[in-house]
Amino acid sequence: MLHHLMKPIANAAPSRRSFLKLSAGAAGGLLIGLRLPGASGAAMAAEGELAQPFVHIRADNTVTVIVKHLDKGQGAATGLATLVADELDATHEQVRVEFAPADAERYKNLFFGVQGTGGSTAIANSFQQYRTAGATAKAMLVAAAAKAWGVPAAEIAVSKGELSHASGRKASFGEMAGLAAAESLPESPRLKTPEEWVFIGKSFPRLDTKMKTVGAPGVYGIDHKAENMLVAVVAHPPKFGAKPKTVDAAAAREVPGVVDVLTLPAGVAVLADKTWPAIRARELLEITWDETEAETRGSEEMLAELQAMAARPGLKAHVHGDAEAGLAGAATVIEAEYSFPFLAHAPMEPLDVTILFDGGTAEFWTGSQLQTVDQNVAAAVLGITPDKVAINTLWAGGSFGRRAQPDSHPIDEAAHIAKAWAGAGNTPRPIKVVWTREDDIKGGYYRPMVAHKVRAGIDAEGNITGWQHRVASKSILIGSPFEAFLVKDGVDETTAEGITDMTYAAGAIDVEVHNAQTAVPVLWWRSVGHTHTAYVVETMIDRLAKAAGKDPVAFREGLLKDDPRKLGVLRLAAEKAGWNDPLPEGRHRGVAVHKSFNTYVAEVAEISFRDDGTVKVEKVTCAVDCGVPVNPDNIRAQMEGGIGYGLGAILRNEITMTDGEVDQSNFDAYLPLRISDMPQIEVHVVPSTEAPTGAGEPGTPPIGPAVANAIAAAKGEWITALPLSKQGLA
Amino acid sequence: MPVNLTINGVSHSIDADPDTPLLWVLRDELNMTGTKFGCGIAQCGACTVHLDGMPIRSCQTFLSDLDGASITTIEGVDGKAAEAVRAAWQELDVPQCGYCQSGQIMAATALLSETPKPSDDDIDAAMDGNVCRCATYARIRAAIHLAAEKMEG
Ligand code: FES
Ligand code: FES
């Protein structure tokens with residue numbers, strides 16, 4: 001997600017000029033420009049320490065990497081630490097991580113221009129920056145040692161956290177840190193060549209594993225505790241867009257532990273001294289809602305509207321050649337309609353935000369994914385300036401896109417609660433706003449419901465002659481602060497991504513979109529538009545292959561001559577899966593390959609059917625090319641997780657609505673993938689010297705179509721309406 | 001009336017609404033936040049603790065039923081199986097976001113205490129109630145097998 005923000009959003013950054021400079025690759029000057037010792041909590045230098053924006057070496061010989069990205073499980077913290085540790089020649093054991101404060105000037109995502117995490121960009125945008133930070137610190141340690149020992153810097157060796165000289169002198173980083181702090185910053189520290197890497201592309205185990213095997217108490221937002229803290233839960237409207245009209249809180253206030261009930265613009269908050277009384281009391285609220293602006297339709301009506309839209313010409317998203325003419329001249333034309341349901345992200349840790357507002361400044365503790373936007377939104381609600389908003393980014397229990405909201409609605413809600421609390425004349429207290437699972441599942445910000453209509457034709461030799469494709473969906477970005485940068489002529493570039501940039505050779509292609517209107521809030525969901533576009537494109541390719549009488553892998557190979565990296569992962573996955581080997585009785589295979597976030601992933605799914613006719617995905621063979629594989633084991637983990645996440649969705653997940661009210665509320669109806677559903681997964685990472693790209697999202701798009709193509713291999717029919725449970729297949 | 005129970009070998013006397021789920025007693029009354037809230041309706045296993053060695057969902061276990069009970073949480077679980085599970089989890093870097101992992105480790109420890117050499121079917125049966133939205137299931141399975149080996153050796 002958010003990769004779309006790369007260049008344009010620089011305009012919205014607090015410091016446009018510095019963004020442009022940094023993104024131009026002036027990494028050497030970065031630390032110089034940003035070196036403000038002691039200016040922030042993250043770089044507070046004490047005696048005997050070397051404190052820099054991204055690296056803090058303490059006298060106790062620990063190396064703390066200041067992580068500018070949220071770690072919600074994708075491994076960003078360890079990834080950034082890998083980059084620093086490698087250049088610094090630190091040991092794995094001495095490295096620690098700490099999240100950066102909200103400070104866009106220093107800690108912006110170099111692709112966004114604002115501080116934030118998403119679009120599988122954490123490693124990609126930090127690759128030069130964090131390696132340079134490690135190399136800078138090392139150069140300063142070396143310079144200090146050279147001076148202290150009276151030897152030329154060039155004679156000093158650094159290895160495994162130790163500085164040494166042939167004369168026998170040795171020092172740890174911690175011993176040299178204080179002296180290094182007095183050294184001037186190197187102009188342009190030399191970065192290692194790939195052959196010199198000790199961790200990158202090899203192994204650097206996760207730094208957060210150990211704490212996560214003892215419960216990680218206190219590290220997640222929901223675990224945050226502060227003296228005098230209140231816990232708030234909010235009654236949200238049952239229909240999206242409704243507002244509270246009348247509130248009878250008498251019974252709720254009777255619950256022991258309840259401190260106050262506050263009416264907000266879009267809900268009613270119960271504040272209690274602990275979580276349980278707040279949850280209990282909320283059930284006792286009597287609220288009537290003003291539904292004037294609410295969505296009152298059911299999801300079936302909404303889908304019917306999308307399908308009707310997809311049947312009509314829409315806004316042009318991409319045109320190359322004359323698709324109509326290409327289709328007219330085709331030997332065979334395949335025409336199909338597809339539909340995709342709303343999906344909830346359901347991160348394991350529901351949303352939560354703790355706020356402390358004293359009237360002039362605000363401080364937050366939360367798994368913030370868009371710190372700069374969060375600061376702006378909080379400031380607007382509280383009537384203060386963004387620099388008066390501090391954010392403590394905490395470890396997050398998953399996100400999958402859910403914690404990166406262009407409207408920062410959980411921050412907005414917490415700020416409204418704190419403002420109402422202060423407005424009632426109360427002394428400031430920290431307030432932790434907790435979402436229950438019901439709030440999460442019913443709370444909107446879904447992957448939009450989508451309808452596709454597509455026609456594709458081939459000639460007698462199996463060449464694609466024309467491809468006409470329409471996508472109807474609510475836009476994620478229209479109406480958001482990012483609209484000005486990422487929506488052109490009404491076309492939200494996330495709606496049809498994966499189709500507009502398709503690299504299968506097609507004689508002509510014509511892509512159109514429709515923007516549906518609904519009060520149901522929608523959001524990017526692990527791989528955004530690719531969640532549905534890859535499904536349609538990759539199942540259509542299989543249908544065309546069948547029409548052409550060709551093997552699905554061979555057919556794709558013929559169409560991917562100009563896309564060597566995609567071809568590479570396709571061939572690798574096919575080879576490792578034994579694509580041409582005979583299958584055991586009752587097994588079926590399907591393949592899909594897709595590029596998203598500049599990462600190429602191919603997956604071969606091997607399935608069987610249970611006695612009740614449901615699909616069992618037995619095995620998935622995955623090949624991934626994400627450029628330099630910085631942390632190969634984490635890339636494998638992200639592919640495994642991305643495949644499982646996508647598989648869970650296509651098997652059984654859909655959010656439906658009746659008269660505007662969400663039908664599901666928890667994991668008893670929004671059925672998550674479980675261990676018994678999990679296939680065996682084999683991941684092959686392509687060695688590469690290309691610039692590194694992301695791993696968090698790209699594993700997700702191919703699994704749906706790979707499974708659908710395997711089902712079609714067995715049954716001859718492609719599933720065009722998800723989830724599979726609707727078809728009795730899960 | 002306060003309820004007396006033992007948690008990780010320490011006795012506590014808790015004076016709270018008798019309908020309070022054990023989960024919130026742990027997290028809010030005792031500030032033991034290793035046990036996580038995921039669903040509140042016994043559907044995800046994030047809140048798994050042991051009651052006399054058996055895995056239970058603390059979100060659906062109520063204070064009033066716990067007088068005299070002995071509870072073990074992720075903060076206190078130890079012994080051969082727990083050690084093997086933690087070591088295997090670390091060796092294979094199982095956790096991603098980690099939020100489900102307290103519950104996974106409690107469930108896996110209970111499984112290995114009962115069944116030291118579990119088959120894949122045993123693992124499915126014992127672990128199916130523990131949701132991992134990051135889908136670390138493949139590594140969970142591998143780590144349980146690895147932990148079983150460690151316990152043998
Ligand atoms: S929180 Fe108890 S099972 Fe989900
Ligand atoms: S590791 Fe994230 S939910 Fe399991």
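The values are calculated or read from the model by the stated rules, or taken from the named source; none is laboratory data. Computed from a predicted model, the values in this text were never measured in an experiment. Here the Cβ positions follow ideal geometry from the backbone for every residue, glycine too, while neighbour counts run over all protein chains shown.
Filtering the range A:455-478 to residues that are buried (at least 22 other Cβ atoms within 10 Å of the Cβ) and outside any loop (DSSP other than H, G, I, E, B) leaves A:A456, A:G457, A:I458, A:I464, A:T465, A:G466, A:W467, A:H469, A:R470, A:V471, A:A472, A:S473. The criterion of being within 20 Å of A:F667 (Cβ to Cβ), touching a residue at least 12 places away in the same chain (Cβ under 8 Å), part of a helix (DSSP H, G or I) and within 12 Å of the chain's Cα centre (by Cα) does not hold for B:A82.
Condition check: within 41 Å of the chain's Cα centre (by Cα) and either assigned by TED's automatic domain parsing to the domain that holds A:P481 or of a type in the set (G, A, S) (or both). Does A:S172 satisfy that?
Against the criterion (within 41 Å of the chain's Cα centre (by Cα) and either assigned by TED's automatic domain parsing to the domain that holds A:P481 or of a type in the set (G, A, S) (or both)), A:S172 qualifies.
Per the listing A:I384, A:I441, A:I391, A:I417, the residue uniquely more than 14 Å from chain B (Cβ to nearest Cβ), modelled with pLDDT of 95 or more and under 20 Å from A:V270 (Cα atoms) is A:I417. Just so you know, in the range B:1-14 the residues that are assigned to a loop (DSSP other than H, G, I, E, B) and within 23 Å of B:L112 (Cβ to Cβ) include one that is nearest to the other protein chains (Cβ to nearest Cβ), and it is B:N8.
Evaluation of B:S64 against the conditions (1) within 14 Å of ligand 1 (Cβ to nearest atom); (2) more than 11 Å from chain A (Cβ to nearest Cβ) shows that the sole unmet condition is (1).
Checking each residue in the range A:555-571 for being in a helix (DSSP H, G or I), of a type in the set (A, V, I, L, M, F, W, C) and more than 29 Å from A:T614 (Cα to Cα) picks out A:L559, A:L567, A:V569.
The residue of the range A:206-236 that is farthest from the other protein chains (Cβ to nearest Cβ), among those that are surrounded by 15 or more Cβ atoms within 10 Å (Cβ to Cβ) and part of a helix (DSSP H, G or I), is A:G221.
One residue stands out among those in the range A:237-258 that are within 14 Å of chain B (Cβ to nearest Cβ) and in contact with a Leu (Cβ under 9 Å, 6 or more places away or on another chain): the one that is surrounded by the most Cβ atoms within 10 Å (Cβ to Cβ), which is A:V258. Across the range B:85-107, the number of residues qualifying as more than 16 Å from B:K36 (Cβ to Cβ) and facing another protein chain (nearest Cβ under 7 Å) comes to 3.
Against the definition (within 16 Å of ligand 1 (Cβ to nearest atom) and either touching a residue at least 60 places away in the same chain (Cβ under 8 Å) or not hydrophobic (A, V, I, L, M, F, W, C) (or both)), how does B:S119 come out, yes or no? No: the conditions fail for B:S119.
Here is a list: A:A180, A:A90. Which entry is within 22 Å of A:I200 (Cβ to Cβ) and either touching a residue at least 12 places away in the same chain (Cβ under 8 Å) or not β-branched (V, I, T) (or both)?
On the way: A:A180 fails: within 22 Å of A:I200 (Cβ to Cβ).
Residue meeting the stated conditions: A:A90.
Within the range A:273-293, can one find any residue that is buried (at least 21 other Cβ atoms within 10 Å of the Cβ) and in a strand (DSSP E or B)? Within the range A:273-293 (the criterion being buried (at least 21 other Cβ atoms within 10 Å of the Cβ) and in a strand (DSSP E or B)), the answer is no, since none of the residues qualifies. Note on the range B:1-37: residues that are in contact (Cβ under 8 Å) with a residue 40 or more places away in the chain and touching a Lys or Arg at 6+ places or on another chain (Cβ under 7 Å) amount to 1.
Checking each residue in the range B:33-53 for being under 18 Å from B:V10 (Cα atoms), within 15 Å of ligand 1 (Cβ to nearest atom) and of a type outside the set (S, T, N, Q) picks out B:G34, B:V49, B:H50, B:L51.
Scanning the range A:525-551 for residues that are part of a helix (DSSP H, G or I), closer than 27 Å to A:S120 by Cα and of a type in the set (G, A, S) yields a count of 1.
The number of residues in the range A:260-289 that are within 14 Å of another protein chain (Cβ to nearest Cβ) and without any contact (Cβ under 8 Å) to a residue 60 or more places away in the chain comes to 10. Considering the range A:341-364, the residues that are part of a strand (DSSP E or B) and more than 20 Å from the chain's Cα centre (by Cα) include one that is nearest to A:S725 (Cα to Cα), namely A:T354. A:G73 fulfils the conditions (1) surrounded by fewer than 22 Cβ atoms within 10 Å (Cβ to Cβ); (2) farther than 18 Å from A:Q129 by Cα; (3) modelled with pLDDT of 80 or more except for a single criterion, (1).
Annotation note: Cβ proximity below 7 Å between a residue of the range A:669-687 that is within 7 Å of chain B (Cβ to nearest Cβ) and surrounded by 19 or more Cβ atoms within 10 Å (Cβ to Cβ) and a residue that is part of a loop (DSSP other than H, G, I, E, B) and of a type in the set (G, A, S) (sequence gap 6+ or interchain) occurs for A:P672/A:A346; A:L673/B:A135; A:M678/B:A135. So, in the range A:178-204, of the ones that are in contact with a strand residue (DSSP E or B) (Cβ under 8 Å, 6 or more places away or on another chain) and hydrophobic (A, V, I, L, M, F, W, C), which residue ends up surrounded by the most Cβ atoms within 10 Å (Cβ to Cβ)? Once the filter is applied, the top-ranked residue is A:A180.
Looking only at residues in the range B:15-73 that are more than 17 Å from B:N130 (Cβ to Cβ) and part of a strand (DSSP E or B), which one is farthest from ligand 2 (Cβ to nearest atom)? The residue in question is B:S70. The residue that is surrounded by the fewest Cβ atoms within 10 Å (Cβ to Cβ), among those in the range A:611-668 that are farther than 30 Å from A:E293 by Cα, away from chain B (no Cβ under 14 Å) and over 23 Å from the mean Cα position of the chain (by Cα), is A:D611. Counting only residues that are assigned to a loop (DSSP other than H, G, I, E, B) and in contact with a Phe, Trp or Tyr (Cβ under 7 Å, 6 or more places away or on another chain), the range A:661-684 holds 2 of them.
Working carefully through the options B:R57, B:R86, find the one that is within 15 Å of ligand 1 (Cβ to nearest atom), buried (at least 18 other Cβ atoms within 10 Å of the Cβ) and among the basic types (K, R). Of B:R57, B:R86, the one residue that is within 15 Å of ligand 1 (Cβ to nearest atom), buried (at least 18 other Cβ atoms within 10 Å of the Cβ) and among the basic types (K, R) is B:R57. Please determine, by comparing only the residues of the range B:128-145 that are without any contact (Cβ under 8 Å) to a residue 40 or more places away in the chain and within 8 Å of ligand 2 (Cβ to nearest atom), which one is nearest to the other protein chains (Cβ to nearest Cβ). The residue in question is B:A135. Filtering the range A:365-397 to residues that are in contact (Cβ under 8 Å) with a residue 24 or more places away in the chain, in contact with a Ser or Thr (Cβ under 7 Å, 6 or more places away or on another chain) and assigned to a helix (DSSP H, G or I) leaves A:Q371, A:V373, A:D374, A:V377, A:K388.
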